[in-house]
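Read through the structure below, which is laid out as structure tokens, and then see the notes.
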Amino acid sequence: MVKAIRVHELGGPEVMKWEDVEIGEPKEGEIRVKNKAIGVNFIDVYFRKGVYKAEMPFTPGMEAVGVVTAVGPGLTGRKVGDIVAYAGNPMGSYAEEQILPASVAVPVPPSVDHKVAASVMLKGMTAYVLLRQCFKVKAGHTVLVHAAAGGVGSLLCQWAKALGATVIGTVSSEEKAAQAADDGCHHIIIYTKEDFVAKVNEITSGKGVNVVYDSVGRDTFQGSLACLMSRGYMVSFGQSSGRPDPIPLSDLVPKSLFLTRPSLLHYTATREELLEAAGEVFANVASGVLRVRINHTCPLSDAARVHADLEARKTSGSIVLMPDS
């Protein structure tokens with residue numbers, strides 16, 4: 001038996017229970033991993049609240065780093081003692097140990113700290129997909145990043161600046177504005193004090209931005225569209241404020257806009273795509289292009305409080321859960 005966070009009903013953070021679970025031994029094509037550090041992401045909140053569906057009961061979590069403790073029969077390329085990371089499916093990383101398909105686990109370079117790897121896999125590969133796949137950011141582009149001080153937002157700002165883009169970031173407070181500036185934002189908008197659409201218009205002299213990266217959803221969606229230049233790209237990859245209201249396709253016509261709602265899993269569907277994405281992230285961490293802000297480290301058993309703080313926007317940067325034993 002191992003300890004894990006379990007969700008038996010949808011709801012607030014209080015539905016997350018610290019329980020004993022039996023995980024068994026790895027079958028063919030699987031490995032058993034003892035988690036050393038576990039990343040926290042807003043998608044974990046979406047599953048807990050029922051925005052995304054999961055079969056009950058379930059263990060949340062889609063990102064972790066750990067050591068391989070058992071290997072399924074006939075499996076090659078993995079051995080006990082390997083340090084591996086994974087992000088995405090299967091859900092279930094809020095646990096002391098878990099069973100994973102060997103195909104989703106990637107080796108962690110010795111130069112990358114376990115906590116850093118656990119906090120950057122999902123967010124970093126998301127940033128890679130947004131910046132290098134959905135819209136290929138290049139020198140001379142202007143990008144707008146909402147929630148610029150968040151886990152993904154921080155990485156987007158750093159990476160976009162390194163690619164030569166002008167970065168505009170929105171944040172909710174002076175404290176988060178200071179972090180966004182440190183992460184490479186050329187222009188910072190505190191949206192609680194300023195109209196971000198008007199400010200973007202002022203910054204760009206009415207031209208608008210090439211691309212908006214919007215993880216906020218309902219509160220920013222219409223404004224984000226208004227910030228785009230002709231043939232601009234609206235990349236919606238989250239909905240922390242709620243699901244955006246539907247829009248008619250004709251709303252995109254006046255500026256010939258592009259709209260996409262990507263899922264990381266579709267861009268890392270093959271082993272080759274996964275290794276390329278993870279490799280890009282780890283290489284940028286090792287080179288110093290990406291500095292991972294682990295601003296919160298908490299015991300795994302305290303995950304409910306962590307979720308409460310995350311939803312209340314009391315956190316910035318990345319959050320890592322550490323197994324209690």
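Descriptive notes on the structure:
- Pairs exceeding a 22 Å alpha-carbon distance, out of Lys79/Lys123; Lys27/Lys123; Lys36/Lys136; Lys3/Lys36: Lys79/Lys123; Lys27/Lys123; Lys36/Lys136.
- Gain on full stretching of the segment that runs from Thr69 to Tyr52 - 0.36 nm per residue minus C-alpha separation: 3.0 nm
- Model label points for Ser241 and Val2, set 7 angstrom from Cα along the Cα-to-Cβ axis, are 3.9 nm apart.
- Charging the Cβ of each Asp and Glu at -1 and of each Lys and Arg at +1, and nothing else, the dipole of the range 1-58 about its Cα centre rounds to 220 debye.
- Over the range 144-256, the reciprocal of the mean inverse Cα-Cα separation, the Kirkwood hydrodynamic radius, stands at 14.0 Å.
- Potential extension, Cys298-Thr192 segment - 0.36 nm per residue separation minus Cα distance: 35.3 nm
- Charge sum, other residues only, whose C-beta stays under 15 Å from Ala118's C-beta, Lys/Arg counted +1 and Asp/Glu -1: 0
- The range 167-220 and the range 49-63 have their alpha-carbon centroids 31 Å apart.
- The alpha-carbon positions of the range 244-321 define a convex hull whose volume is 198 Å³ per residue.
- For the chain, relative contact order (Cα pairs under 8 Å, six or more residues apart, normalised by length) works out to 18 percent.
- Here the range 73-118 is treated as an ellipsoid with the same Cα gyration tensor; its semi-axes, largest first and in whole Å, are 17, 15, 9.
- Beta bridges per DSSP, both residues in the chain: antiparallel share near 55 percent.
- The range 1-139: C-alpha gyration tensor shape, a/c 1.5 cut-off, then a/b vs b/c: oblate
- Top positive-direction residue, dipole computed over the range 192-261 with Cβ charges, set Ile247, Ile203, Met229: Met229
- On the chain, 52 percent of the accessible area sits on carbon and sulfur atoms, based on a 1.4 Å probe.
- Cα gyration tensor of the range 167-325 - equivalent ellipsoid semi-axes, whole Å, descending: 29, 21, 18
- Solvent-accessible surface ranking, highest first, for Ile83, Ile31 at 1.4 angstrom: Ile83, Ile31
- P(r) of the range 1-63 over all Cα-Cα pairs, binned every 10 Å from zero, in whole percent: 19, 48, 30, 3
- Average Cα contact separation per residue, the range 62-217, under 8 Å, 6 or more apart, as relative contact order %: 17 percent
- Length gained when the stretch Lys314-Glu174 is fully extended (0.36 nm per residue, less Cα-Cα span): 49.1 nm
- Nonlocal Lys pairs with alpha-carbon distance under 23 Å, the range 183-325 (8 or more apart, or different chains): 5
- Excluding ligands, DNA and RNA, the accessible surface per residue across the range 5-151 is 38 Å² with a 1.4 Å probe.
- When all protein chains stay in place and ligands, DNA and RNA are ignored, the 1.4 Å accessible-area order of His186, His146, largest first, is His186, His146.
- Each peptide in 243-252, 20-29 was scored by the mean count of other Cβ atoms within 10 Å over its residues; highest first, the order is 20-29, 243-252.
- Across every direction, the projection of the convex hull enclosing the Cα atoms of the range 69-174 has a mean area of 8.9 nm².
- Reach of Lys34 by Cα under 19 Å, taken over aspartates and glutamates that are not fewer than 8 positions away in the same chain: Glu19, Asp20, Glu22, Glu25, Glu63, Asp82, Glu96, Glu97, Asp113, Asp302, Asp324
- Across the range 1-113, the mean sequence separation of Cα contacts (distance under 8 Å, 6 or more residues apart), normalised by length, yields a relative contact order of 32 percent.
The values are calculated or read from the model by the stated rules, or taken from the named source; none is laboratory data. As the structure is a computational prediction, the values presented were derived from the model and not from experiment. Ideal geometry is used to build each Cβ from the backbone, glycine not excepted, and the neighbour counts take in all protein chains shown. Keep in mind that these areas ignore ligands, DNA and RNA; they rest on the heavy atoms of the full protein, side chains included. Shrake-Rupley method; radii C 1.70, N 1.55, O 1.52, S 1.80 Å.
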